[in-house]
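The values are calculated or read from the model by the stated rules, or taken from the named source; none is laboratory data. Quick caveat, the model's predicted, so the values are computed rather than measured. Here the Cβ positions follow ideal geometry from the backbone for every residue, glycine too, while neighbour counts run over all protein chains shown. Note: accessible area is taken over every heavy atom of the protein model, side chains too, but ligands, DNA and RNA are not part of it. Shrake-Rupley method; radii C 1.70, N 1.55, O 1.52, S 1.80 Å.
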Amino acid sequence: MRRMILQCYAMTLYDDKEEMVREVSLVKNADWIAYTYRHRKAFAYCAEKLVHEPVLREEMLRRAEVHDMDKMLMYLFLDQHTSQILHVQNNAHHLENNLPKSYEDLVETVIDYECAPYTKPDKPLNAWDFVHKLKEMNLLDDETAEQLCSIMHELGIDRSDTVSSDAEGMAYIRQFSEVTEEMIMEEILRYVNEHPDNELDWILEQVRAGVRL
């Protein structure tokens with residue numbers, strides 16, 4: 001109830017997005033927000049580690065800045081399940097949707113898969129093993145699988161592996177084992193302030209419409 005009151009208060013009284021975000025409770029989805037925060041750090045680490053071609057590297061580091069931030073914002077206002085579905089439906093790096101996918105989108109997909117085991121105990125497979133698992137389960141068509149495998153070859157990760165072999169990466173990620181509310185709000189507010197085309201207005205439209213999936 002307190003969270004609902006804060007949401008309504010924020011949406012009706014504030015024109016300033018930063019002030020509005022500060023008024024929203026983080027309690028309900030706190031674990032999921034921290035989960036995504038750590039994942040974002042792992043994604044940025046893997047993007048920097050794996051992508052060496054200058055133009056593609058610049059693009060992937062740019063994407064790392066905004067990767068999954070729409071979901072972080074949605075967690076402030078919507079339940080976890082609805083947030084996850086809307087995120088998957090509206091982001092081209094997710095293969096589950098029918099959005100057109102560029103080469104860069106598929107590179108983001110591969111990095112998304114590759115970095116998952118660093119912070120997600122429920123997703124222990126690296127990109128190579130995960131793509132082959134999707135293939136075995138008939139959840140991935142041959143053409144897309146070939147494209148992903150080609151990208152993994154380009155990035156030098158076309159093999160089975162475990163994150164335990166990357167001591168440097170695991171040491172880096174361990175510094176985010178405790179994610180505080182201050183760390184989360186700093187990340188969210190930086191995104192809102194530095195990316196005026198962010199999804200906040202659209203998310204508030206979903207809230208006002210009572211969207212629940």
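List of remarks:
- Looking only at residues of the range 196-213 that are open to solvent by 40 Å² or more (accessible area, probe 1.4 Å) and not hydrophobic (A, V, I, L, M, F, W, C), we find that the one that is nearest to L78 (Cα to Cα) is R212.
- Hits in the range 125-140 (condition: within 20 Å of D166 (Cα to Cα) and surrounded by fewer than 20 Cβ atoms within 10 Å (Cβ to Cβ)): L125, D129
- Restricting V211, V179 to residues that are touching a residue at least 60 places away in the same chain (Cβ under 8 Å), closer than 26 Å to P100 by Cβ and part of a loop (DSSP other than H, G, I, E, B) narrows the list to V211.
Residue-by-condition table, conditions (1) open to solvent by less than 20 Å² (accessible area, probe 1.4 Å); (2) modelled with pLDDT under 95; (3) in a helix (DSSP H, G or I):
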residue: E108; (1), (2), (3): yes, no, yes
residue: K123; (1), (2), (3): no, yes, no
residue: T144; (1), (2), (3): no, no, yes
residue: S150; (1), (2), (3): no, no, yes
residue: E154; (1), (2), (3): no, no, yes
residue: S164; (1), (2), (3): no, yes, yes
residue: I188; (1), (2), (3): yes, yes, yes
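- For beta carbons closer than 9 Å, sequence separation of 6+ or different chains, a first residue in the range 34-51 that is more than 25 Å from Q80 (Cβ to Cβ) and among the β-branched types (V, I, T) and a second that is open to solvent by less than 30 Å² (accessible area, probe 1.4 Å) and in a helix (DSSP H, G or I), the qualifying pairs are V51/M60; V51/V107; V51/I111; V51/L155.
- Qualifying residue in the range 83-94 (condition: within 10 Å of the chain's Cα centre (by Cα), over 24 Å from L134 (Cβ atoms), open to solvent by less than 10 Å² (accessible area, probe 1.4 Å) and not acidic (D, E)): no
- When residues of the range 125-142 are limited to those that are of a type in the set (A, V, I, L, M) and in a helix (DSSP H, G or I), the one farthest from K41 (Cα to Cα): L134
- L56 being out of contact with any helix residue (DSSP H, G or I) (no Cβ under 6 Å at 6 or more places or on another chain), more than 22 Å from F130 (Cβ to Cβ) and touching a residue at least 12 places away in the same chain (Cβ under 8 Å): no
- Screening N138 with (1) at negative phi; (2) modelled with pLDDT of 95 or more gives one miss only, at (1).
- Helices (runs of 4 or more DSSP H) enclosed by the range 1-103 - at least 3 residues per element that are modelled with pLDDT of 95 or more: 30-50, 54-66, 69-77, 80-89
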